[in-house]
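Student: Below are the structure tokens for one structure; questions will follow.
The values are calculated or read from the model by the stated rules, or taken from the named source; none is laboratory data. These figures come from a predicted structure and were not determined experimentally. All Cβ positions, even for glycine, are placed from backbone atoms using ideal geometry, and neighbour counts span all protein chains on display. Areas reflect the complete protein model, heavy atoms only, side chains present, ligands, DNA and RNA absent. Shrake-Rupley method; radii C 1.70, N 1.55, O 1.52, S 1.80 Å.
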Amino acid sequence: MKSRLWLPALLVIALAGVGWALTPSAPPPWSDAEIATLRSLWLDTLPPLPDDQTNAVADDARAVTLGQRLFFDTRLSANGEVSCASCHMPERHFADDREKGRGVGLSKRNTRSVVGSAYSPWQYWDGRRDSLWAQALSPLEDVAEHGANRMGLVRFVANDPVYRAELETLFGPLPDFSDRSRFPESASPLAGPEARADWQTMSETDRDTVNRVFTYIGKAIAAYERRLMPGESRFDRYVAAVIDGNEFAQAEQLSDAEIQGLRLFIGKAKCLDCHNGPLFTNNEFHNTGVLSYPGEVPDKGRVQGVREVLADPFNCRGPYSDADEPQCPELAFVMQGPELLGAFRTPSLRNLDGTGPFMHKGQLATLEDVLTHYNEAPAAMIGHNEAEPLGLSGRELRQLEAFLDALAAPVSSPSLRGQSQGSELKL
């Protein structure tokens with residue numbers, strides 16, 4: 001009789017043991033070293049906006065307002081239909097959803113987001129410009145983007161009463177461009193044959209005058225763009241909870257799959273080799289063996305970009321820089337050599353949703369395609385692929401993709417120096 005009484009109790013204990021064995025174990029706690037790595041990726045560790053000594057109005061609230069207006073103005077284009085926002089769409093985190101940017105024509109490369117770009121010493125996929133304002137000038141005269149010409153743009157802002165007043169408030173009196181014998185209708189060193197020929201007929205002094213006012217446009221746009229920053233994501237809130245030791249808050253922010261993806265990201269997947277820091281980019285140049293765009297020869301990438309940035313009259317060392325004694329260490333010590341053949345600047349991994357296709361010419365349609373590419377690490381068509389095969393399983397790739405989704409957040413714009421907190425731009 002006694003043994004029969006014990007049977008139900010033993011059965012309960014056995015079943016409890018089975019249930020305990022089938023319950024997924026809690027994820028292991030983060031080590032101190034891992035927490036230090038998470039902290040390095042946390043948005044709260046992003047330093048203040050770096051100074052731009054080449055742009056005297058970089059942090060002027062009036063320039064921000066003017067730059068925002070210029071950024072969205074379609075009149076700064078040949079057909080009156082293209083603005084900076086045509087490719088850098090606010091609803092797409094200031095990128096777009098196309099393989100290549102589309103303005104008055106089809107651009108050569110995929111549109112990079114300008115969010116957080118003030119932290120990079122280089123702009124564009126190949127780094128062919130070394131400041132936001134120098135970069136902002138290039139699309140204006142690109143035949144595939146805005147398709148405008150330098151003289152026409154300068155005359156437009158000088159003749160527009162609102163723009164003229166705002167520019168003169170920032171930069172001083174603007175010249176009179178009404179004399180067509182000195183300042184032709186259309187003139188530019190980069191536009192079509194007629195505009196280039198007219199540019200050559202101008203005196204060096206008049207070309208310099210036009211160039212200087214032209215830079216005012218770029219410097220104002222840059223003042224606006226440098227304030228566009230990624231907002232707090234679920235990943236950032238998760239890191240804050242890890243640092244606080246708040247397990248409940250951790251579970252609220254990331255799923256188990258996303259946490260496993262994060263562990264892969266900082267470990268086995270070797271993503272930190274390039275995508276590090278709170279913006280998830282080292283802003284350096286790497287050849288990762290991406291296939292050429294169909295029907296096109298391989299893109300030389302950084303090799304060509306170095307040549308262009310050194311020759312750019314609007315670079316840090318040029319006559320239009322506002323720095324009193326520009327040191328320009330990035331230009332002075334810029335890396336050159338054949339190892340940069342086919343190398344492109346590492347993009348941020350924040351806010352990828354809605355910005356595909358990916359890579360420098362939109363060769364990979366989805367994040368799944370991107371992760372598969374890095375997992376396989378094919379040989380480069382030109383140069384040498386720095387990446388090596390990772391050997392990740394399909395499940396691990398899905399976990400990585402889940403984590404990347406946790407980096408999505410609204411775009412933020414921090415207050416200007418000297419302004420009270422909360423002076424956010426309306427995007």
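Student: For the stretch 286-406, just list the percent of Cα-Cα distances falling in each 10 Å bin from zero outward, please.
Tutor: The percentages, shortest bin first, are 12, 33, 29, 19, 7, 1.
Student: For the chain, with every protein chain kept in place, what is the accessible area per residue (1.4 Å probe, Å²)? Could the numbers behind the result be given before it?
Tutor: Values: 20880 Å² over 427 residues.
Per residue, the chain has an accessible area of 49 Å².
Student: Of the candidates D322, D176, D59, which one comes out as most mobile in a Gaussian network treatment of the chain with C-alpha springs shorter than 10 Å?
Tutor: Of the options given, D176 has the highest mean-square fluctuation.
Student: Would you please report the Å³ per residue occupied by the convex hull of the alpha carbon atoms in the stretch 57-196? Can you show the working numbers first?
Tutor: Numbers: hull volume 16.9 nm³, N = 140.
Spread over its residues, the Cα hull of the stretch 57-196 gives 121 Å³ apiece.
Student: Which of the cysteines in the chain are isolated, no other cysteine C-beta under 4.7 Å?
Tutor: Lacking a cysteine Cβ partner under 4.7 Å: C84, C87, C271, C274.
Student: Still on this structure, please answer the following. Of S233, S86, S178, which has the largest mean-square fluctuation in a 10 Å C-alpha GNM of the chain?
Tutor: Highest fluctuation of the listed residues: S178.
Student: Charges at C-beta only: +1 for Lys and Arg, -1 for Asp and Glu. How large is the resulting dipole of the stretch 196-319 about its Cα centre, in Debye rounded to 20?
Tutor: On the way: 15 positive and 18 negative charges, 67 e Å.
Dipole of the stretch 196-319, to the nearest 20 debye: 320 debye.
Student: Taking the Cα centre of the stretch 185-245 as origin and charging only Cβ (+1 Lys, Arg; -1 Asp, Glu), how large is the dipole, in debye to the nearest 20?
Tutor: On the way: 8 positive and 10 negative charges, 60 e Å.
The dipole magnitude comes to about 280 debye.
Student: Estimate the FRET efficiency between A323 and V162 by the formula 1/(1 + (r/R0)^6), using the beta-carbon distance for r and 45 Å for R0, to the nearest 0.05. Intermediate results must be reported in sequence, preceding the final value.
Tutor: Working: r = 29 Å, r/R0 = 0.65.
Efficiency for this residue pair is about 0.95.
Student: While we're looking at this one, here's another question. Restricting to DSSP H runs of at least four residues, report the calculated mean residue ellipticity at 222 nm for the chain, -39500 (n - 2.57) per run over all residues, nearest 500 deg cm²/dmol. Mind showing how you got there, number by number?
Tutor: Values: 15 runs with 169 residues, N = 427.
Here the helix-only value at 222 nm equals -12000 deg cm²/dmol.
Student: P(r) tail for the stretch 230-315, what percent of Cα pairs lie past 20 Å? Don't jump to the answer; show the numbers that get you there.
Tutor: Values: 2126 of 3655 pairs.
Pairs farther apart than 20 Å: 58 percent.
Student: Give the residue from F403, G362, N55 lying farthest towards the positive end of the charge dipole for the chain; charges sit on Cβ (+1 for Lys and Arg, -1 for Asp and Glu) and the dipole is referred to the Cα centre.
Tutor: About the Cα centre, the residue reaching furthest to the positive side is F403.
Student: Another question about this same structure. On a 0 to 90 degree scale, rounded to 10, what angle separates helix 161-171 from the longest Cα axis of the chain?
Tutor: The helix 161-171 is inclined about 80 degrees to the chain.
Student: May I pose another question? Using the Cα centre of the chain as the reference point, and only Cβ charges (+1 on K/R, -1 on D/E), how large is the resulting charge dipole? Debye, rounded to the nearest 20.
Tutor: Details: 42 positive and 58 negative charges, 146 e Å.
Using Cβ point charges on Lys, Arg, Asp and Glu, the chain gives about 700 debye.
Student: Cα to Cα, under 14 Å, and not fewer than 8 places away if on the same chain: which aspartates and glutamates meet these conditions relative to K219?
Tutor: D51, D52, D59, D60, D130, E166, E168, D322
Student: Now for a separate question. Could you tally the net charge around A249, taking each other residue with its Cβ under 13 Å from the Cβ of A249, Lys/Arg +1 and Asp/Glu -1?
Tutor: In short, -2.
Student: What ratio of Cα Rg to 2.2 N^0.38 Å holds for the stretch 119-277?
Tutor: Normalised by 2.2 N^0.38 Å, the Cα Rg of the stretch 119-277 equals 1.59.
Student: Then there's this: In whole Å, what are the extents of the chain along the principal axes defined by its C-alpha atoms, from largest to smallest?
Tutor: Result for the chain: principal-axis Cα extents of 118, 51, 39 Å.
Student: Tell me, what % of the accessible area of the chain is carbon and sulfur with a 1.4 angstrom probe?
Tutor: Details: 11380 of 20880 Å².
C and S atoms contribute 55 percent here.
Student: Share of Cα-Cα pairs in the stretch 130-193 beyond 20 Å, in percent?
Tutor: Numbers: 731 of 2016 pairs.
Across the stretch 130-193, Cα pairs with separations above 20 Å total 36 percent.
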